[in-house]
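Working notes, structure below.
Nothing in this text is a laboratory measurement; each read-out follows from the coordinates by a stated rule. None of the values given here were measured: they were computed from a predicted structure. Don't worry about glycine lacking a Cβ; one is built from the backbone with ideal geometry, like all the others, and counts go over all protein chains shown.
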Amino acid sequence: MRIAVLCSPESWYFRDLRRAGELAGHEVIDVPFTQLSAGMGTAEKSFPCGGVDLRTFDAVVVRTMPPGSLEQVVFRMNALARLDAAGVTVVNSPKAVEAAVDKYLTSALLESAGLRVPRTFVCQTSDEALAAFATLGGDVVLKPIFGSEGRGIARLQDEALAQRAFRMVEQLGGVLYVQEFVAHEGYDLRLFVVGRKVLGMRRRNPHDWRTNCSRGAVAEPLEVTAELSELAHRAAAAVGATVAGVDLLPGRDGELYAVEVNAVPGWKSLAAALQTDVARLVVDHVVECAAHKSTRTSS
């Protein structure tokens with residue numbers, strides 16, 4: 001099969017996917033998201049991107065979500081949706097990527113799916129955020145509504161500093177995503193969903209309350225129990241993703257909180273911790289999805 005990966009050509013994940021794909025006899029090439037185009041008005045719709053037409057591929061893997069204007073982001077998602085409707089498998093689907101990239105929508109979908117989420121308040125003014133700060137106990141985490149790997153996250157415990165941070169976000173035209181700080185033992189659980197499989201690792205950070213590996217956390221193998229597997233599949237399904245990184249945080253109160261679903265999840269630390277070829281699992285899943293779609297289309 002021919003697989004296009006929307007990514008930077010320097011991406012470690014692209015190189016890993018290309019290695020795994022070529023070992024399995026598939027052609028895997030990188031294409032730049034920022035050059036995605038769409039043509040209409042002819043018998044065959046076209047989707048030029050980086051000198052190739054995405055219609056000529058069996059599948060497209062979304063490995064990045066580059067910043068852009070509202071118009072650019074909406075167009076990219078709509079073009080991918082039309083590409084998927086034209087018969088090319090897109091993993092993850094544009095709908096899943098859109099849902100998972102928005103922390104507010106993700107949390108709302110997780111709660112609707114019956115998972116426990118931390119108390120959270122999302123607003124647009126610093127006054128409302130300051131009221132939420134008090135309601136949530138004066139110990140909160142301020143997160144950008146878009147973003148991953150712990151970037152832009154701040155823990156706020158001082159009212160004056162919180163007010164200053166909230167006003168800055170408001171002045172920049174941002175949305176204030178204010179979440180209670182969940183006391184924990186310095187680790188969280190990253191569950192990697194790929195099709196019907198679930199892999200797991202424990203991310204432990206003795207030096208920082210943030211447990212992202214990009215922030216210095218150490219990845220350890222995790223036994224995925226039936227309960228954890230069920231939670232991971234339920235969380236991934238809530239946003240519509242078939243490849244997902246699901247983050248669960250065991251609180252000191254004995255509860256297990258669902259804090260994030262990433263529809264463009266990394267697996268470098270996971271592969272090293274488990275000594276598993278995760279890229280091969282992703283490629284096999286993409287190929288399976290494309291074959292299934294082709295069978296449905298031809299029947």
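Assorted remarks:
- Against the chain, whose longest principal axis comes from its Cα atoms, helix 278-298 is set at around 60 degrees.
- Taking amide H positions as modeled 1.01 Å from N, with prolines and chain starts lacking one, the residues under 5 Å from VAL90 and 5 or more places away or on another chain are VAL60.
- Sorting the segments 224-235, 30-41 by their residues' average number of neighbouring beta-carbon atoms within 10 angstrom, most packed first, yields 224-235, 30-41.
- For ARG119, residues with placed amide H under 5 Å, excluding near neighbours: GLU180
- Across segment 239-251, coupling constants 3J(HN,Hα) worked out from phi with the 6.51/-1.76/1.60 Karplus curve, θ = phi - 60°, read 9, x, 9, 9, 10, 8, x, 10, 9, 10, 10, x, x Hz, and Gly and Pro carry x.
- Compared with the direct C-alpha span, the chain from ALA160 to ALA85 gains 21.9 nm at full extension, assuming 0.36 nm per residue.
- Crossing angle, helix 70-85 versus the chain [Cα axis fit, 0-90 degrees, rounded to tens]: 50
- In the chain, lysine pairs with alpha-carbon atoms under 20 angstrom apart (chain gap of 8 or more, or interchain): 6
- Nearest-0.05 FRET efficiency for SER46 and LEU256, computed from C-beta distance (R0 41 Å): 0.30
- Mean-position separation - Cα centroids, segment 94-134 and segment 33-90, in angstrom: 29
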